[in-house]
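The values are calculated or read from the model by the stated rules, or taken from the named source; none is laboratory data. Keep in mind that what you see is a predicted model, and the values were worked out from it rather than measured. Quick reminder, even Gly has a Cβ in these numbers, built from the backbone with ideal geometry, and neighbours come from all protein chains shown.
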Amino acid sequence: MVYVARGAARETLDRPQMKQALFAALDALGPRAKVLVLPPDFTRFHSQAGILTQYVWEYYGDRLAAVLPALGTHSPMTEAQLREMFGAMPLHLFKPHDWRNDVVTLGTVPPEYVRELTEGRLDFEWPVQVNKLLVEGGFDLILSIGQVVPHEVIGMANYNKNLFVGTGGAVAINRSHFVGAVYGMERIMGRADTPVRRLFNYGSDHFGHLLPQTVYVQTVVGRADDGGMAVRGLYVGDDIEVFNRAAALALEVNFEMVPKPFKKCVVYLDPSEFKSTWLGNKAVYRTRMAMADGGELLILAPGVKEFGEDAQIDALIRKYGYFGTPRTLEAVRANADLQENLGAAAHLIHGSSEGRFTITYAPGHLSRAEIDRLGIRAIIVEGAPPEGKLFGLKIHREGVEFLHLDEYRGWKNYELNEALRQKHGKKISAATIGIAGERRYKSASVSFSDMMGDPSRNAARGGLGSVMAAKGLKAIVIDASGAAPVDIAKKEFFREAVKSWVETINKDVTCWLFRQFGTPLAVSTNSYQGTMPWQNYTSGRPEGFQKVSGETIKKLNLERGGRMHGCMPGCVIQCSILYNNPDGTRLCAAQEYEALGLLGTNLGITDPDAIGRMKYLCDDIGIDLIEIGCALGVAAQGGKLKMGDAEGAIGLLQEVEKGSAFGKVLGDGVVATARDLGISRVPAFKGQGIPAHDGRAVKGIGVTYATSPMGADHTAGLTYRLTLSKTGQAANSLRFQVAASACDTFGYCLNAVPGGSASLYSFLADLLAARYGSNVSGEDVLRIAKETLKDERKFNAAAGFEKIWEKVPSFYRNEPLPPTNSVFDVDDAEIERIWDGLDAFKEPKQLWEMRFDPMPPLLFGTGVIRLLGERTKQLKIKKALLIADPIMGKLGTTGEIQRILEKSGIASAVFSDVEPDPPVEEIEKIGQLYRQEKCDGLIALGGGSSMDAGKAAAIRVSQSGPMTEFEAAMGGGGKIKPPMPPLICIPTTSGTGSEVNTYAIITDRERSKKFLIISRYIIPSLAVIDPNITRTMPKGLTAETGVDALAHCIEGYVSKITPFHPYYAGLGLAGVKLIGNSLRKACSNPDDMNARMEMCMAAIDGGIAFSKGLGLGHAIGHAVGAQYHVSHGKSLAVSLLCFVRVNREVCKEEFRDLALVLDRTEDLEKALERLYRDVNLPTRFRDLGIPEGGLKSLAFEVGKDAANLAGNPVPMSDRKILEILKEFY
């Protein structure tokens, strides 16, 4: 009987429609007490059986007693697969099917019937077998759920195939498959009436009564117009009629006739689904009938790792191979192992071309985007030409062809790339080798042209240029012109996934820093960390590193007309630097951290132009700059070069180019150089030069060097967590090695991986799912990343790489590295166990956490300053250093505080020269005075500058290292450790809120920059807020500090650093209301204590609210203050208007809220202008004395403030910043 029959070739059934139809059928079946469901396994994920099974569970509840996935001979489903396919269903419901042991035989089909079906070719009986659970489970209903789709064995799955194959036994499965194979797939595929189907129907007709009532839920699924999958039909019934109707629709939906046979066909196998040729040979089954005689089938199978799904079948396939029907039948007759496993024999027939066309498998990983556009995943080059011959490959939309390139022998990369572009078109991409590759130097690289055509992107580590040369290849030319765009199966899903990820990147401070400074941003960070090499790895903090810092490179680039760009299409970071000469001509492409470290500071060179010249030479010659930088450092140790001699270093690179005797030694790398010079101190792991991250001061990277299958490669697992800890480094390194493997496997850039709760694995899974229309999870991506590492390790073990070199160079173990004076002391036992944890490794759970910084104890109220002495004594301060600005002394406030302290028996010394925006030098003076006076506590009296000076002084007197080392953007907050001296903050203004938060702003005059320090350890021990003290503020200062608090509240309310934090946002909104109510009053009547009190509270609100983040307003304000020494409040007045205008479209609702509480209107920009007019604040940059010609330089400085710009609701570029500055000039 047919209960539901709905479907048509162009109809699409959504889930509610499917659910409604299924429930109607279940209603018609009447009440049931114990139900069993037979869905397919994960290989039929798209069948919709997963969601239909969930609907059955919803309908029957506890009456659904078991779910038995119809595995056939497939591997049991993993927990991850069950979760992905069946959602939240209880796992205890799912029972695995053991096709070798858990079966019963209901009866047999006689051999004469089999002989009839196979036209006399086979003569055996066929057992009708099912899982014993079907017979012995006491069920009163079996629901067999599956997709009706063309099938190579039976013609059309499903119907009773789920029963007799999905839950069948070894003999039944093997023999039925063999029947189909022998009869001929071309005679079976897509037909509802076939020998195998008749075999199964015989079983149903004669022995089906031995089973509970069985009802078939059949889907027909096809490709939707948008490239995704669509349900075209749903059929429910208990006899063959339901199958016949579904099969008729499936033939129309799933069977495509081509006008002429394929001469060449490329099939891609989704790596998340196809791990073996047992499954992967669907590529053969589904195309075989369309292939032309003599054609070529290329199967790109990045996930295929084995032949069979279990060891026995895998062994049989390896033993007999895919050689077609005649040879397989002969093998079956002659070999007992095939006779006992006819399913494997059937597979050998199905997986062959019967000699009509060639089949080439290409298991491996994805290639670059332009090859993807051409529909090619990988190119395999076999053999090699006669010695002395040079060839190239040209890949284009018509295919692949060889090029004769003998004419380019001895050419370097730049001239070679230009010649190839002249000959093959300006839009080509090229992978080339220079003369280093031709000469087979062990440090030769493969150079890839970037988007500008420069051969500056290098696959360099391990001498890949020599590997390419061994194949006789000088160049690979990729011409994607005329190729169709990459086909995205789920376009809308793809757009949403990318959009969400880009938003995450735009809010990430580190990604923002890469965008602003490129990889040279790491120069200052790593130098302060003590990990950047200086003079052959003798120190981790290079002298004069500021000369090659990211800020210096960016400044030079601005002056010379250089720029940032993406090294690949679609990049949103664009951290690659086109670096120019002083005259504006190109010096080198991709001026990067590793070049600055290995060709620069490691050789004692801090001239970025000289380093740029060497970088260009390395790209042109085609040599690994890391390896050659290490070799040159050893050469200097051996007397071949003086440290700091840039011309000498360039001269040695030219020796490499010339191929002189010592040039060849250098070209073979650091180990060869050390051997030639008789030097035993070799900066190398496993024969490979160490990158510009010294593993003695960042020990997780040291473990990466020692264990990575890629050798001493920082990109294999770059981690700056737990830098100096002796323990826990193996797990630390493993975490980042797996992440790096995922990036490498799928072609994603490490510099574009945001921190926080973002999941790289889930994002890559979304991209794969969107690209191919498949179901991919983050766990699948993680598993593939692990498999890549395993494959690399297997290769290394087979090649003997693990046994050649010592794992850790001896000087790493026994030579302390200044300034941390640390050695690499991670135990060998821990290092050697690192891979034991690979299988068990899971992505660390990304917990979303709403953080609340602690508040200091508060004394708040009129007259509370009188309690200062008592509370200071409670902090056990015997002698306090009182930090104040000169005005506090003139007003007598400093003396008053000293007298209050003296009454409580507390001595004090005074530093009264605090400048606005206190510079580093001033903090050093305060620290010296603190120690000279033998103080044991700090009291900061004044506005934000005094309190920030107090916080910085607390760091200075308790921590070692330069103050600039503690900059938040450099990771400095993590270096601040207790104990800290007690600190009391007494605000005399109502603006910064510094008295209650974790921040301090200090000026670095050397860089003309304010920098931020963030640490919970600088939260004051006590905040004393007495509105009486603020009465002495003149009108102008009241207005300026008030707008500082206002900017904190407004920017904090909408900042995207922490998108959701109602506590901080609520304080911001409350602070704006207080300021709107009281700032005008406080300015017009300094003695209005209610207004003063509300402004004090608003300052507290703002000081806490901006923990949610700030934005463009403060980025501009800091730059204006640092460059033009304008007070913070005045600069923020204009800057806040810039902030509001830039963000008004994306913050309409929020800005309306703010305008309403500020002055009961709805236009925030106009509300601010009215407020400024009333309290006499500027609204244009020209009012601040800034020359119009200085706007470009100002925009550059603003663009460096990554911490604040990352929180701006609208992403800001240098161009956008300059435009808004001009608007408000």
Exercise for the section: Could you list all residues from the range 1142-1182 that are surrounded by 15 or more Cβ atoms within 10 Å (Cβ to Cβ) and under 34 Å from the mean Cα position of the chain (by Cα)? Expected result: V1142, N1143, R1144, C1147, E1150, F1151
Exercise for the section: Filter the range 666-695 for residues that are more than 36 Å from the chain's Cα centre (by Cα) and closer than 17 Å to L625 by Cβ and give the result. Expected result: A672, T673
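If you go through the range 678-728, how many residues are outside any loop (DSSP other than H, G, I, E, B), surrounded by 21 or more Cβ atoms within 10 Å (Cβ to Cβ) and out of contact with any Cys (no Cβ under 6 Å at 6 or more places or on another chain)? Reasoning before the result, please.
Our first condition is that a residue be outside any loop (DSSP other than H, G, I, E, B); within the range 678-728, this holds for 684-685, 688-689, 699-707, 714-716.
Checking the rest, the ones that are also surrounded by 21 or more Cβ atoms within 10 Å (Cβ to Cβ) come to 684-685, 688-689, 699-707, 714, 716.
Among the residues that remain, those that are also out of contact with any Cys (no Cβ under 6 Å at 6 or more places or on another chain) are: 684-685, 688, 699-707, 714, 716.
So the count comes out to 14.
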Handout entry: Members of the range 85-115 that are of a type outside the set (A, V, I, L, M, F, W, C), surrounded by fewer than 19 Cβ atoms within 10 Å (Cβ to Cβ) and within 50 Å of the chain's Cα centre (by Cα)
Key = G87, P90, H92, K95, P96, D98, R100, N101, D102
Exercise for the section: Would you be able to tell me the number of residues in the range 216-269 that are in contact (Cβ under 8 Å) with a residue 40 or more places away in the chain, assigned to a loop (DSSP other than H, G, I, E, B) and within 16 Å of M189 (Cα to Cα)? Expected result: 1
Exercise for the section: For the range 769-782, state whether one or more residues are without any contact (Cβ under 8 Å) to a residue 60 or more places away in the chain and either polar (S, T, N, Q) or surrounded by fewer than 20 Cβ atoms within 10 Å (Cβ to Cβ) (or both). Expected result: no
Problem - Pairs, first not assigned by TED's automatic domain parsing to the domain that holds P150 in the range 272-286, second basic (K, R) and surrounded by fewer than 24 Cβ atoms within 10 Å (Cβ to Cβ), C-beta under 6 Å, six or more apart - result: K275/K305
Completion exercise
Considering the range 371-392, residues that are β-branched (V, I, T) and part of a loop (DSSP other than H, G, I, E, B), and then whichever is modelled with the highest pLDDT, we arrive at V381
Handout entry: the range 1197-1222 residues that are closer than 18 Å to V502 by Cβ, paired with ones that are among the aromatic types (F, W, Y) (beta carbon under 7 Å, 6 or more apart)
Key = A1202/W512; L1205/W512; A1206/W512
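When the residues of the range 871-890 are filtered to those that are of a type in the set (V, I, T) and part of a helix (DSSP H, G or I), which remaining residue is farthest from the chain's Cα centre (by Cα)? Working first, answer last.
Applying the first criterion (of a type in the set (V, I, T)) to the range 871-890 yields 872, 877, 883, 887.
Pick out the ones that are also part of a helix (DSSP H, G or I) and you get 872, 887.
Values: T872: 49, I887: 51 Å.
So the residue we want is I887.
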Exercise for the section: Tell me, please, whether a residue that is surrounded by fewer than 18 Cβ atoms within 10 Å (Cβ to Cβ), under 26 Å from the mean Cα position of the chain (by Cα) and not hydroxyl-bearing (S, T, Y) can be found in the range 505-522. Expected result: no
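Is there a residue being polar (S, T, N, Q), touching a helix residue (DSSP H, G or I) at 6+ places or on another chain (Cβ under 6 Å) and buried (at least 21 other Cβ atoms within 10 Å of the Cβ) anywhere in the range 271-285? Please lay out each step first, then the result.
Initial filter on the range 271-285 (polar (S, T, N, Q)): 272, 276-277, 281.
With touching a helix residue (DSSP H, G or I) at 6+ places or on another chain (Cβ under 6 Å) added as a condition, the list becomes 272.
Filter once more, keeping what is buried (at least 21 other Cβ atoms within 10 Å of the Cβ): 272.
Looking through the range 271-285, at least one residue is polar (S, T, N, Q), touching a helix residue (DSSP H, G or I) at 6+ places or on another chain (Cβ under 6 Å) and buried (at least 21 other Cβ atoms within 10 Å of the Cβ).
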Practice task
Go through the residues of the range 1131-1140 one by one and say whether even a single one is without any contact (Cβ under 8 Å) to a residue 60 or more places away in the chain and assigned by TED's automatic domain parsing to the domain that holds A1045.
Solution key: yes
Practice task
Evaluate the range 248-264: report whether one residue or more is touching a helix residue (DSSP H, G or I) at 6+ places or on another chain (Cβ under 9 Å) and more than 29 Å from E11 (Cα to Cα).
Solution key: yes
Exercise for the section: Among the candidates D205, D123, single out the residue that is surrounded by fewer than 22 Cβ atoms within 10 Å (Cβ to Cβ) and not in a helix (DSSP H, G or I). Expected result: D123
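Kindly indicate whether any position in the range 792-799 is farther than 25 Å from C571 by Cβ and in a loop (DSSP other than H, G, I, E, B). Break it down stepwise before answering.
Residues of the range 792-799 farther than 25 Å from C571 by Cβ: 792-799.
Filter once more, so that each one left must be in a loop (DSSP other than H, G, I, E, B): none.
So far as the range 792-799 goes, no, none of its residues is farther than 25 Å from C571 by Cβ and in a loop (DSSP other than H, G, I, E, B).
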Exercise for the section: Assess whether G168 counts as being assigned to a loop (DSSP other than H, G, I, E, B), of a type in the set (G, A, S) and either under 30 Å from Y322 (Cα atoms) or not assigned by TED's automatic domain parsing to the domain that holds A311 (or both). Expected result: yes
Practice task
Check off (1) within 28 Å of I831 (Cα to Cα); (2) in contact with a strand residue (DSSP E or B) (Cβ under 7 Å, 6 or more places away or on another chain); (3) in contact (Cβ under 8 Å) with a residue 60 or more places away in the chain for V670 and give me the number that stays unchecked.
Solution key: (3)
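When the range 991-1025 is examined, which residues are found to be assigned to a loop (DSSP other than H, G, I, E, B) and under 33 Å from the mean Cα position of the chain (by Cα)? Even if it seems obvious, please write down each step before you answer.
Of the range 991-1025, the ones assigned to a loop (DSSP other than H, G, I, E, B) are 991-993, 997-998, 1005-1008, 1015, 1019-1021.
N997, T998, R1007, S1015, listed by residue number.
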Problem - Test: E1188 is in the same structural domain as D1044 (by TED's automatic domain parsing) and within 18 Å of A1065 (Cα to Cα) - result: no
Practice task
Under 6 Å between Cβ atoms, at least 6 apart or on separate chains: pull out the pairs that start in the range 175-186 with a residue that is within 14 Å of R288 (Cβ to Cβ) and not assigned by TED's automatic domain parsing to the domain that holds F323 and end on any residue that is not in a helix (DSSP H, G or I) and not aromatic (F, W, Y).
Solution key: G180/V153; G180/I188; M185/E152
Completion exercise
Those residues of the range 864-874 which are more than 19 Å from P987 (Cα to Cα) and either touching a Ser or Thr at 6+ places or on another chain (Cβ under 6 Å) or in contact (Cβ under 8 Å) with a residue 60 or more places away in the chain (or both) amount to K873
Practice task
Of the conditions (1) within 22 Å of S1107 (Cβ to Cβ); (2) free of Cβ contacts under 8 Å to residues at least 40 places away in the same chain, L1164 clears all except one; give me its number.
Solution key: (2)
Practice task
List every residue pair whose Cβ atoms sit under 6 Å apart, with the two residues 6 or more apart in sequence or on different chains, where the first one lies in the range 811-832 and is in a loop (DSSP other than H, G, I, E, B) and the second, anywhere, is of a type in the set (S, T, Y) and surrounded by 16 or more Cβ atoms within 10 Å (Cβ to Cβ).
Solution key: P818/S539; F824/Y812
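Could you list, in sequence order, the residues of the range 165-181 that are out of contact with any helix residue (DSSP H, G or I) (no Cβ under 7 Å at 6 or more places or on another chain) and not β-branched (V, I, T)?
Filtering the range 165-181 for residues out of contact with any helix residue (DSSP H, G or I) (no Cβ under 7 Å at 6 or more places or on another chain) gives 166, 168-171.
Those that are out of contact with any helix residue (DSSP H, G or I) (no Cβ under 7 Å at 6 or more places or on another chain) and not β-branched (V, I, T): G166, G168, G169, A170.
Can you say whether N1028 is over 30 Å from the mean Cα position of the chain (by Cα), in the same structural domain as P982 (by TED's automatic domain parsing) and assigned to a helix (DSSP H, G or I), as far as the supplied structure shows?
On the way: over 30 Å from the mean Cα position of the chain (by Cα): yes; in the same structural domain as P982 (by TED's automatic domain parsing): yes; assigned to a helix (DSSP H, G or I): yes.
In short, yes.
Of all strands (runs of 3 or more DSSP E) completely enclosed by the range 513-619, which ones contain at least 2 residues that are more than 21 Å from K1216 (Cα to Cα) and out of contact with any Ser or Thr (no Cβ under 6 Å at 6 or more places or on another chain)?
By residue number, 576-580, 586-589.
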Exercise for the section: Look at A1119 and say whether it is farther than 25 Å from W848 by Cβ and touching a strand residue (DSSP E or B) at 6+ places or on another chain (Cβ under 9 Å). Expected result: yes
